[in-house]
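Everything below concerns the one structure shown next.
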Amino acid sequence: MSIIGPNGAGKSTVLRALYGKAIVRSGRIRFQGEDITGLRTHGICRRGIALAPQGRSVFPYMSVRENLELGAYIRRDRAAVRTDSMELCRRFPVLNEKQGMPAGALSGGEQQILELARCLMLRPSMIVMDEPSLGLSPRAVAMVFETLVEMRATGVTILIVEQNAKQALRISDRAYVLELGRNRYEGTGESLLNNVDVRKLYLGGR
Amino acid sequence: MGEIPILELREVTKRFGGITAVDRVSLKVPANGIIGLIGPNGSGKSVTFDCIMGLLQADAGDILLKGESIRALSADGIGRRGIGRTFQVCRVLHGMTVLENLMVMTQARGLGENLALVFRRRLLGRSDAYARRKALALLDDVGLRLWQDELASNLSYGQQKLLSFAAILAAEPAPELILLDEIAAGVNPTMVNSLVDYIRNYRARGRAFLIIEHDMKVIMNICDEVVVLDHGRLIAHGAPRHVQEDPRVIEAYFGR
């Protein structure tokens, strides 16, 4: 599921409300039927929701591998954690190359990939990502979106905010356009991609 | 033509311990040209910018601005010579409103005076009709007019990106060479089209650009030439169309 829209529309704020970093003044947030409005962030994670907020949130002085392992902090199955870590390094070669390096030494785009991998270490039932493709090369963007599609195929629910709106809509079952803090359009990814107004106003179609 | 390029890098090299982040990179930005700098993540693009701007000292090679070496200059010395730059992580003036951020740039004289303006905010209370008009027009163009009195730090990421782009355009005297570091990242695609128009107009008025970008629409639409880095080395350069079809670039960068 994607949330798209102009800058300043409130997209990131919606995500922050979801994971307890913005105060909800009215309305409810429900996850698998449970009201999670106002839950603190660690409570959100314990319910199997992995988070990748916007911008860089790697621990810069810890190694890439340590950052990855922290993603599985609440898991008890240590052997499986190690297997997952190796699998992610295989899937994202840059993590393999630089696994011993401090995460802060990676470039912006590489840190972004590390954050996605860290989310996956939780074996989440839902991933919430704010701009997963931000600052990534086309090849890395393709890798990220491929990974998201694969995750969906294994039953993981994915909620992303994306300015790379066309790519996001192509893989979205459902999408919402926000503007000035309000719902503006909603529909399947495909219907929004084909909506002339949406294309012109939000997708850069001239 | 034979005009001196506004910027030239000659075999610029920058190392961090055992890693060569920039490896004998040479490129030219012609006067009034727009050059794209692309490459996989971690290929040395931002480090190249840092070397040009004097935030980092190159270990070898030379950097020339209008034929004159600037390699040994400090960062503020280089800023004073008419190069503007945006950053991947935006730097806006946090204690000031969106409008004030731009007005400061319009009233720029030298770095020292700018700092004085920042600390003595009351100076901006003086009516400066020109600076205000210019700032408001720019805010309209980048879609930030509604937020003019908002603290710049309260803007979203993409909005801060737009503000820092507008700040470059607001600067007086206008920089002759502008380095843009992923100006489109996090910016709504429809707005990116406006930024592209802006860059084009700016070039028509005699400015030159060196642009780091992953958004290929931007690169294809405005760059005269594209330079490709991979692991710190220059692996290809030429017209955007040719570079896009270069097998080495496809392998390293597009991954098709």
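Filter segment A:168-182 for residues that are outside any loop (DSSP other than H, G, I, E, B) and more than 20 Å from the chain's Cα centre (by Cα) and give the result. Passing the criteria: A:E179, A:R182.
Please go through segment A:1-25 and give me each residue that is over 17 Å from the mean Cα position of the chain (by Cα) and aliphatic (A, V, I, L, M), ordered by number.
Within segment A:1-25, the subset over 17 Å from the mean Cα position of the chain (by Cα) is A:6-9, A:22-25.
Of everything in segment A:1-25, those that are over 17 Å from the mean Cα position of the chain (by Cα) and aliphatic (A, V, I, L, M) turn out to be A:A9, A:A22, A:I23, A:V24.
I'd like to check something: does segment A:5-13 contain any residue that is of a type in the set (G, A, S), away from chain B (no Cβ under 14 Å) and either assigned to a strand (DSSP E or B) or under 21 Å from A:Y176 (Cα atoms) (or both)? No, there is no match, as no residue in segment A:5-13 is of a type in the set (G, A, S), away from chain B (no Cβ under 14 Å) and either assigned to a strand (DSSP E or B) or under 21 Å from A:Y176 (Cα atoms) (or both). Which condition number does A:A50 fail, the rest of (1) within 12 Å of another protein chain (Cβ to nearest Cβ); (2) touching a residue at least 24 places away in the same chain (Cβ under 8 Å) being met? Going through the list (1) within 12 Å of another protein chain (Cβ to nearest Cβ); (2) touching a residue at least 24 places away in the same chain (Cβ under 8 Å), A:A50 breaks only (1).
Scanning segment A:18-47 for residues that are outside any loop (DSSP other than H, G, I, E, B) and within 14 Å of chain B (Cβ to nearest Cβ) yields nothing. Scanning segment B:190-246 for residues that are touching a strand residue (DSSP E or B) at 6+ places or on another chain (Cβ under 9 Å) and either assigned to a strand (DSSP E or B) or free of Cβ contacts under 8 Å to residues at least 12 places away in the same chain (or both) yields a total of 18. Taken together, the residues in segment B:163-179 that are surrounded by fewer than 18 Cβ atoms within 10 Å (Cβ to Cβ) and in a helix (DSSP H, G or I) amount to 0.
Residues that are more than 22 Å from the chain's Cα centre (by Cα) and small (G, A, S) were ranked within segment B:90-118; the one that is modelled with the lowest pLDDT is B:A116. Among all positions in segment A:70-89, there is at least one residue which is of a type in the set (A, V, I, L, M), under 18 Å from the mean Cα position of the chain (by Cα) and over 30 Å from B:R248 (Cβ atoms). Filtered by the rule that a residue be more than 15 Å from B:L163 (Cβ to Cβ), more than 11 Å from chain A (Cβ to nearest Cβ) and crowded, with 18+ Cβ neighbours inside 10 Å, segment B:180-201 gives a lone residue, B:I199.
Checked against (1) surrounded by fewer than 17 Cβ atoms within 10 Å (Cβ to Cβ); (2) in contact (Cβ under 8 Å) with a residue 12 or more places away in the chain; (3) within 18 Å of B:P40 (Cα to Cα), A:P93 meets all criteria but (2). Quick one: which residue in A:L192, A:L178 is of a type in the set (A, V, I, L, M, F, W, C) and either surrounded by fewer than 22 Cβ atoms within 10 Å (Cβ to Cβ) or within 21 Å of A:A17 (Cβ to Cβ) (or both)? When all the criteria are applied, what remains is A:L178.
From the list B:E3, B:E11, which one is over 20 Å from B:G79 (Cβ atoms), of a type outside the set (S, T, Y) and part of a loop (DSSP other than H, G, I, E, B)? Even if it seems obvious, please write down each step before you answer.
Numbers: B:E11 fails: part of a loop (DSSP other than H, G, I, E, B).
Only one candidate qualifies: B:E3.
Determine whether A:Y185 is modelled with pLDDT of 95 or more, touching a helix residue (DSSP H, G or I) at 6+ places or on another chain (Cβ under 7 Å), part of a strand (DSSP E or B) and of a type in the set (S, T, Y). Please lay out each step first, then the result.
Values: modelled with pLDDT of 95 or more: yes; touching a helix residue (DSSP H, G or I) at 6+ places or on another chain (Cβ under 7 Å): yes; part of a strand (DSSP E or B): yes; of a type in the set (S, T, Y): yes.
Yes, satisfied.
Filtered by the rule that a residue be buried (at least 23 other Cβ atoms within 10 Å of the Cβ) and within 12 Å of another protein chain (Cβ to nearest Cβ), segment A:96-106 gives a lone residue, A:L106. Count of segment B:119-170 residues, restricted to those that are under 14 Å from B:V92 (Cβ atoms), away from every other protein chain (no Cβ under 14 Å) and either modelled with pLDDT under 90 or touching a His at 6+ places or on another chain (Cβ under 6 Å) (or both), is 2. Within segment B:15-32, the set of residues being touching a residue at least 60 places away in the same chain (Cβ under 8 Å) and not aliphatic (A, V, I, L, M) comprises B:T20, B:D23, B:R24, B:S26, B:P30, B:N32.
Against the list (1) more than 13 Å from chain B (Cβ to nearest Cβ); (2) surrounded by 22 or more Cβ atoms within 10 Å (Cβ to Cβ); (3) modelled with pLDDT under 90, the condition A:G135 fails is (1). Does segment A:62-71 contain at least one residue that is within 14 Å of chain B (Cβ to nearest Cβ) and surrounded by 13 or more Cβ atoms within 10 Å (Cβ to Cβ)? Scanning segment A:62-71, I find at least one residue that is within 14 Å of chain B (Cβ to nearest Cβ) and surrounded by 13 or more Cβ atoms within 10 Å (Cβ to Cβ), so the answer is yes.
The values are calculated or read from the model by the stated rules, or taken from the named source; none is laboratory data. In this text, all values refer to a predicted model and were calculated from it rather than measured experimentally. Note that we place each Cβ from the backbone using ideal geometry, even for glycine, and neighbour counts take in every protein chain shown.
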